[in-house]
Amino acid sequence: MNPPTVAIVGRPNVGKSTLFNRIAGGRRAIVDDRPGVTRDRHFAPADWNGRHFWLVDTGGWIGDKDVLSSAIRSQIETAIEQSDAILFLVDVRQGVHPADLEVADVLRPVGDRVLVVANKSDNLPDDLGYLAFHELGLGDPQPVSATTGKGSGDLLDGLVELLPEAPEPEAPDVIQVAVVGRPNVGKSSLVNRLLGEERAVVAPEAGTTRDAVDSPLRYHGRTLNFIDTAGLRKRSKVEDEIEFYSALRSRRAIERADVSVLVADASVGVHAQDLKIAQLALERGSGLIIAVNKWDLVLDKDTMVADRGQKEVTKRAPFLRSYPFVYLSALTGFRARKVLDLIMLVAATREIRISTSEVNRNLEALVMRNQPPQLSSKEVKLFYASQVGTRPPTFAIVSNRPDAIPESYKRFVERGFREAWGFQGVPLRFKYRRKKGKR
């Protein structure tokens, strides 16, 4: 389920980044007294009263005609177009500013999605300066102080009312598949090949896909819903205003995914950015398949070439050793069908449940093979374990001193669980808990 998106807009130095940090928590956006510090957009997950949403900070609206100001205005217009709700921030101390009127004119066609936020109302409830902003014609202004937090609860209550209704849970028999990767590696071509038709726009230019597009396919009695996404680039290279939202949608697609198919380009190898995307998918609990596309462009396609390439990648990123690689060509169809079988396998693996007795037998064997590192003051013991969740598989291990178990031993336990039950293509979660009464 995709959370809605909320954009914060307004002229420079009205406190947009301060409000962004207040709602999202922490100092995610740079705050400075100088106007125009925020030029690019930042986004972060946020929630209020059980409603989750993406919060987007934008640069300040400037009436100048120079190139930078035009780029910032273009970004804001994109934010307005792409968001489910808009917080229009104004400054109570300075009153209604000509730039506020400019922004109000832009927002008026979507006024039902706009909440005017009268910031710097630090003396609530005595400060009535916010009433002047009725002049904007966008409804009742909501007074807040982003710095102190005054009025922020009322603001968020009003914001939640603007958000669309939470979507219905997706059907349990549908496997959500996010096709992710850097721009121009052939994601749309692979989706088209698997679907057997041209459902996604394909072009040689990087970044053709701007939105995440859902395409269902029935395979062996299950529905695979392919989410073809725009490419993820390093933040420093996200220059086009639409591409910013493409990156946001790609991350949202990964959040929905049961399985993520990371498409890499065989002609350039697995890039550092590919590894970051893989880590993002695994952090979200998604299964992962690495699809090395454009294999038809590699002249020497013997098995050893693939093996050497895969060993090189897993040497750089050892965490990928537990995830399947498939070398294919979306253009010719070579091995493309294998992706569907791997998706089915990985999706089923995410739902594996191991009996408690079997889990404990395996844990006992691992401890017998290799005891946890012992402290001089008191030995470290692992008492028992059980599986406490699936999608992804999650295990709880009870110890007398869970905080004293080093990461190296935790990796040993994970390898032992994978050796026992496979778990190919899925992340494993481990929760080390203290036995009650044990210190």
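Using the beta-carbon distance between Arg284 and Asn123 and R0 = 60 Å, what value does 1/(1 + (r/R0)^6) give for FRET efficiency, to the nearest 0.05?
After rounding, the FRET efficiency stands at 0.90.
Taking 0.36 nm per residue of separation and subtracting the Cα-Cα distance, what length does fully extending Ala132 through Lys435 add?
Gain in length upon complete extension: 103.0 nm.
Check Asn13: other-chain or 5+ apart residues with amide H under 5 Å from its amide H, H built from backbone geometry?
Correct list: Gly36.
Can you give the Rg/Rh ratio of region 257-368, where Rg is from the C-alpha atoms and Rh is the Kirkwood radius?
1.05
Rank by packing, highest mean first: peptides 352-365, 252-265, 394-407, 83-96, with packing defined as the count of other Cβ atoms within 10 Å averaged across residues.
Answer by packing, highest mean first, reads 252-265, 83-96, 394-407, 352-365.
Pop the C-beta distance of Asp307 and Ala396 into the FRET formula with R0 = 41 Å and round what comes out to the nearest 0.05.
0.65
Give me the extension gain from Leu340 to Ala420: residue separation times 0.36 nm, minus the current Cα-Cα distance, reported in nm with one decimal.
The span from Leu340 to Ala420 would gain 26.3 nm if fully extended.
When N counts the residues of region 291-439, how does its alpha-carbon radius of gyration compare numerically with 2.2 N^0.38 Å, as a ratio?
Compactness ratio reported: 1.32.
Distance cut-off 21 Å, Cα to Cα: go down the list Lys315/Lys338; Lys187/Lys338; Lys378/Lys436; Lys311/Lys431; Lys315/Lys381 and report the pairs above it.
Lys315/Lys338; Lys311/Lys431; Lys315/Lys381
Describe numerically, in nm with one decimal, the distance between label points set 7 Å from Cα along Cα→Cβ at Glu81 and at Arg93.
In this crude label model, Glu81 to Arg93 measures out at 3.5 nm.
Read-outs throughout are calculated quantities, based only on the coordinates presented, and are distinct from any laboratory measurement. All values reported here derive from a predicted model rather than from experimental measurement. In this analysis, Cβ positions are derived from the backbone assuming ideal geometry, glycine residues included, and neighbour counts consider all displayed protein chains.
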